[in-house]
Amino acid sequence: MYPTFLHIGFLTIPTVGLLAAAGLTLALLLSLRTAVLAGLNPEHLWNAGLFAIIVAFVLSRVLLVVTNLHTFFSYPVLLLMVPSLTPLGLLLTALATAAYLRIHQLPFLATLDAWAPCATLAWAFLALGHFAEGSDPGLPSTLPWAMPNVPGAPFRLHPVTLYVALAATLIAVASCLRLRSGKQNTAALALFLAGLAQFFITFLRQPEFEDNAFGTLLDPIQWVALGMIVLAALLFQQPRKALAHAI
């Protein structure tokens, strides 16, 4: 695996960070097209997407520092280089982004529809980054495409990160096609498919043995996936008129 893309002196560029940045950049560029398909102003959607990315980065750094003050005072640069996107950070980012959309009078559901292909495209690149760094290992497998988690390992594993990347790419394509057809609830469909993919792919992941509030019946990721499916069902209950645009 290749966890580090470039290392020169004190400069270290992790592969996962580089691929995540590439995915976010491509997602922003894609939003210029999906905005038109969703009947939105491309510049306004670009600005909203850029706001969400910046807020997610800033809040993740702030939460990391607040929860690790002693380490920050001792090794500030090293701490700030640690990946730190947490559920709390995502929740605060979602709330801040929702407030931004309201202030700028961007229709919430239409914006989610336009962002659905963009978010799943970024997710695919992030999964490729996890594959490069060798994280998120799968269960042992004898399938032809199984891969060792580290070079020279005596057994081979399911490449679950590649499964996730493939699923995310297919969902991004399906979301774009749905937008092009003018159908409603693109975000709900993407969220449902993403939750479904995560739920079943997690059966091939190495399980989390840590205790959680929901017990050990399912992996924590699977509980999150079920929550995504429920949220998708709620979004499906918000019908809107089909878009009438010329492609």
Long-range amide H partners of G138, meaning residues 5 or more apart or on another chain whose placed amide H is closer than 5 Å, are H158, V160, Q206
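Taking 0.36 nm per residue of sequence separation and subtracting the Cα-Cα distance, how much length would be gained by fully extending the chain between I103 and L85, in nm to one decimal? Display every interim value, and only then the final one.
Details: separation 18, 0.36 × 18 = 6.48 nm, distance 2.52 nm.
Taking I103 through L85 to full extension adds about 4.0 nm, to one decimal.
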For labels at I13 and V230 in the simple 7 Å Cα→Cβ model, what's the distance in nm? 4.3 nm
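What FRET efficiency comes out for L162 versus T67 if R0 is 41 angstrom and r is the Cβ-Cβ distance? Round to the nearest 0.05. Write down the numbers at each step before the final one.
Working: r = 32 Å, r/R0 = 0.78.
Taking R0 as 41 Å, the efficiency between L162 and T67 is 0.80.
Determine the gain in length on full extension of the stretch A146-L95; use 0.36 nm per residue of separation and subtract their C-alpha separation, reporting nm with one decimal.
On the way: separation 51, 0.36 × 51 = 18.36 nm, distance 4.00 nm.
Net length gain for the segment: 14.4 nm.
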Model label zone, A22; criterion: amide N under 20 Å from point 7 Å along Cα-to-beta-carbon; scope the stretch 167-186: 167-173
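Each reported figure results from applying straightforward, stated rules to the coordinates on display, with no laboratory input. In this text, all values refer to a predicted model and were calculated from it rather than measured experimentally. Cβ sites come from the backbone with ideal geometry, for glycine too, and all protein chains shown count toward neighbours.
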